1. With +1 assigned to the C-beta of every Lys and Arg and -1 to the C-beta of every Asp and Glu, and no other charges, what is the dipole magnitude of the chain about the Cα centre in debye, to the nearest 20?
2. What do you reckon, how do Phe88, Phe176, Phe123 stack up by accessible area (1.4 Å probe), largest on top?
3. Can you give the accessible area of Glu8 in Å² (nearest 10), computed on protein heavy atoms with a 1.4 Å probe?
4. Grab the DSSP H runs of the chain that are 4 residues or longer, score each as -39,500 (n - 2.57), total them, divide by all residues and round the 222 nm result to the nearest 500 deg cm²/dmol.
5. Can you compute the charge dipole magnitude of the stretch 1-85 about its Cα centre, using +1 on each Lys and Arg Cβ and -1 on each Asp and Glu Cβ, nothing else charged? Give it in debye, rounded to the nearest 20.
6. Checking the a/c ratio against 1.5 first, then a/b against b/c, what shape does the Cα gyration tensor give for the stretch 108-193?
7. What ranking of Ile137, Ile36, Ile101 comes out by heavy-atom accessible area, probe 1.4 Å, highest first?
8. Using a 1.4 angstrom probe on the protein heavy atoms only, could you order Tyr145, Tyr178 from most to least accessible area?
Amino acid sequence: PDEGALLEPLGVALHSWDLGHARLGDRVSIVGAGPIGLLLIQLAAVGGAVVDTVVEPLAHRRDAATGLGCGHVVDAGAVLEPHSDVVFEVSGQRDAVREAIDLARPGGRVVLVGIPDDDTTTFPAATARRKGLTIAIVRRMPDVYPRAIDLLARGQVDLASLVSRRFALNDAADAFRYASGRTGLKTVIDPGL
């Protein structure tokens, strides 16, 4: 049941990965190590890219990224040099979008995955223009369920490890409150509890 519930975030990560056009050996950065960011780390390993920087303000999510083998995991606001071929912004926060633009190398690609709370995204246009960046924006996950299921079936992604808390269906309101506090990774409502 947990893995079935997580096929949607995996689908979003997979569609985002496709939009990034990352190639074997590309250097990838991820800004935001929530469930979709952590799934992008796993997809990078499958796709032969190197995740060389993960930016995340929450310590437990930085720890999760480190646990997936990322060597350079930093807090938000760290001073970073532009070096990545592809940067995935997965938080929706304005500062995260700026950090993604900053991390991209000249000629690089930035994929905006995060959904801003106020439906507005801004970025430093002069920096993006000077670097000649390509910016892609993700909208959900068209037609990727079969590929997501195949990745899961072949053991190339680990979805179950992302579940940090389960709630019974009768406790759905508590589950949403817990999830909005961002104290865990992925919260699941399990009707079987």
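The values are calculated or read from the model by the stated rules, or taken from the named source; none is laboratory data. Just so it is clear, the model here is predicted, and its values are computed rather than measured. Cβ: placed from backbone, ideal geometry, glycine included. Neighbour counts: every protein chain shown. For the accessible areas, the whole protein counts, side chains as well, though only heavy atoms, and no ligand, DNA or RNA atoms are used. Shrake-Rupley method; radii C 1.70, N 1.55, O 1.52, S 1.80 Å.
1. Values: 20 positive and 24 negative charges, 89 e Å.
About 420 debye.
2. On the way: Phe88 0, Phe176 140, Phe123 85 Å².
Per-residue accessible area, sorted high to low, gives Phe176, Phe123, Phe88.
3. 80 Å²
4. The helix contribution divided over the chain gives -11000 deg cm²/dmol.
5. 100 debye
6. Oblate shape, in that a/c is at least 1.5 and b/c is the bigger or equal ratio.
7. Sorted by accessible area, descending: Ile137, Ile36, Ile101.
8. Numbers: Tyr145 110, Tyr178 55 Å².
If we order Tyr145, Tyr178 from most to least accessible, we get Tyr145, Tyr178.
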